[in-house]
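Visitor: What follows is a single structure, and I will ask about it in a moment.
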Amino acid sequence: MNKIKLSDFDPQVKQAIAGELKRQEEGLEMIPSENFVSLAVLEALGSVLTNKYAEGFVGRRYYGGNQFTDIVEGLAIERAKKIFRCDHANVQPLSGSPMNQAVYLAFCKPGDTIMGMDLSHGGHLTHGAPVSHMGKLFNFVRYKTHPENGGKIDFDELLKTAKEAKPKILLCGYTSYPRDYDYTDFKRVADEVGAITMADVAHIGGLIAGGAMRNPFDYGFDIVTTTTHKTLRGPRGGMVLSMGKVGNPFKEPEMTKENIPTILDRSVFPGLQGGPHMNNIAAIAVTLQEAMQPEFKDYANQIIKNAKKLAEKLMEKNIKLITDGTDNHMMVADTMKSIGIDGATAEKTLEKAGITVNKQVIPDDPQPAYKPSGIRIGTPALTTRGMKEAEMEIIADWINEALVNWQDETKLSAIKQNIIEMTKKFPLYPELCG
């Protein structure tokens, strides 16, 4: 076995990793879906569990030698159930896309109808984008928001569409929607048309875990999916959470709501995936343990406080936000309307200034997806580093200054130097500081 250190064996990879660490340390990470894991999560992620095959479920594996992987996965499951107040948790999905695919494939046949949010209004690629395999396999019917009314959803309109479409699944969830959901209205519509209720809370899973946003299970939802990174601040993975009776995953159950957990387990394995990534599941277990600590509630609430302050200050500078504010951790700015530059140009401009965001379509965007009208901005990673409202006010100034002076390399460089100085006060991993 090769025992040479990475720096000696593959210096190119080592240098790239070091470069990425420096970029994270010296910049402002403001992509809403990105965050920084703890050293404990990193330790679990890089553990010897990466060596082990564990196809199957706790106590029901196809391989021997799984007594310790069973402990790890069992801990992750029980912690997830406690945090999200549900009957069952499957922690094996490799990421956000397969977790949602597992739900669709569990309850729908090709051509069946699923109802979800329109992509340009905040929905995710896995919510039926025509370019996705799921978008081609199932009939996705989309509902929209009303940007002129703060991004609210017209539920009378949604009910009318649902009655016509008769979806098997009514999906609520988003990737670029800065408002909270009223799950009661979604449940009312789903019950009226006989649909399964599914909430994809990938972006706000940590905010729900910290009690800062509503939990769909408290409103009678059947299924909730969430990634484990983003606001939950863990490794890249996914969880499928559900209500119902947990049965034998190796015996095909009757297709009833009571059997949803077993149906979902069978859809994840053997339906969609093979062996789970046990090092990742160990890191998820650690992440969930962190989310159960009292200070995580403070963290979740601070994310929202920071987002609200940042949104307020950006709007004061006449930067148009598509929902005129935010209820969660993110906002979408219409840079074309505010500054006269498209989102791709805005993204590159802010990166030169040391601020990382992502280009983003706005509702019914007239611009193409690769050159959309806006950008998406979030506060989870900055909050992880300990930044609060005072820093958000300063950062709002820098964002505005950079965008207004997008062609001035000297000003962008000056902002970047100011950001480097600020980040020194908020080290990425203070435990490693001498």
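Quick note: the coordinates plus some simple rules give every number you see, no bench work behind them. Computed from a predicted model, the values in this text were never measured in an experiment. Please note: Cβ atoms are built from the backbone with ideal geometry, for glycine as well, and neighbour counts cover all protein chains shown.
Visitor: Within 10 Å, count the other beta carbons around each residue, average over each peptide in 103-114, 121-132, and list them highest first.
Guide: By packing density, highest mean first, the sequence is 121-132, 103-114.
Visitor: Still on this structure, please answer the following. Based solely on C-alpha atoms, express the radius of gyration and the Dmax of the range 300-432 in angstrom.
Guide: Values for the range 300-432 (Cα only, Rg and Dmax): 14.3, 47 Å.
Visitor: Could you run the Karplus curve 6.51 cos²θ - 1.76 cosθ + 1.60 with θ = phi - 60° over the range 125-142 and give me ³J(HN,Hα) per residue in whole Hz, x for Gly and Pro?
Guide: 3, 7, 8, x, 4, x, 7, 8, 4, 5, x, 8, 7, 10, 8, 8, 10, 10
Visitor: So, one more: Which of the listed residues, His229, Tyr219, Thr197, is farthest toward the dipole's positive end in the range 184-233, when Lys, Arg count +1 and Asp, Glu count -1 at the beta-carbon?
Guide: His229
Visitor: Which entries of Lys320/Lys388; Lys230/Lys297; Lys348/Lys411; Lys14/Lys230 have Cα-Cα distances beyond 18 Å here?
Guide: Listed pairs above 18 Å: Lys320/Lys388; Lys14/Lys230.
Visitor: I want to check the label-to-label distance for Glu389 and Thr410. Put each point 7 Å from Cα in the C-beta direction and report it in nm to one decimal.
Guide: Going from the Glu389 label point to the Thr410 one covers 3.7 nm.
Visitor: For the charge dipole of the chain, defined by +1 on Lys and Arg C-beta atoms and -1 on Asp and Glu C-beta atoms about the Cα centroid, which residue among Gly247, Leu350, Ile284 has the Cα displaced farthest towards the positive pole?
Guide: Projecting each Cα onto the dipole axis, the largest value belongs to Gly247.
Visitor: Using only alpha carbon pairs under 8 Å that are at least six residues apart, calculate the relative contact order of the chain and give it in whole percent.
Guide: Computed over the chain, the figure is 21 percent.
Visitor: While we're on this one: Would you work out which of Val37, Ile341, Gly150 lies farthest towards the positive end of the dipole of the chain? Charges go on Cβ: Lys and Arg +1, Asp and Glu -1.
Guide: Result: Val37, furthest along the dipole toward the positive end.
Visitor: Arrange the peptides 331-337, 425-431 so that the one whose residues have, on average, the most other Cβ atoms within 10 Å appears first.
Guide: The most tightly packed comes first, giving 331-337, 425-431.
Visitor: Taking amide H atoms as placed 1.01 Å from N in the peptide plane, list the residues 5 or more away in sequence, or in a different chain, whose amide H sits under 5 Å from that of Gly374.
Guide: Thr335, Gly343, Gln360, Ile362
Visitor: Run the dipole for the chain about the Cα centre, Lys and Arg Cβ at +1, Asp and Glu Cβ at -1, nothing else charged, and hand back the magnitude in debye, nearest 20.
Guide: So the magnitude is around 660 debye.
Visitor: At R0 = 22 Å, how high is the FRET efficiency between Glu55 and Lys136 if r is their beta carbon distance? Nearest 0.05 is fine.
Guide: Working from the Cβ atoms, E equals 0.15.
Visitor: Considering the convex hull of the alpha carbon atoms of the chain, report its projected area averaged over all viewing directions, in nm², one decimal.
Guide: With the hull built on Cα positions only, its mean projection is 21.8 nm².
Visitor: Order these peptides, 239-250, 53-64, 32-43, by their mean beta-carbon neighbour count within 10 angstrom, highest first.
Guide: 239-250, 32-43, 53-64
Visitor: What is the calculated FRET efficiency for Lys348 to Glu254, with r their C-beta to C-beta distance and R₀ = 45 Å, to the nearest 0.05?
Guide: That gives a FRET efficiency of 0.25.
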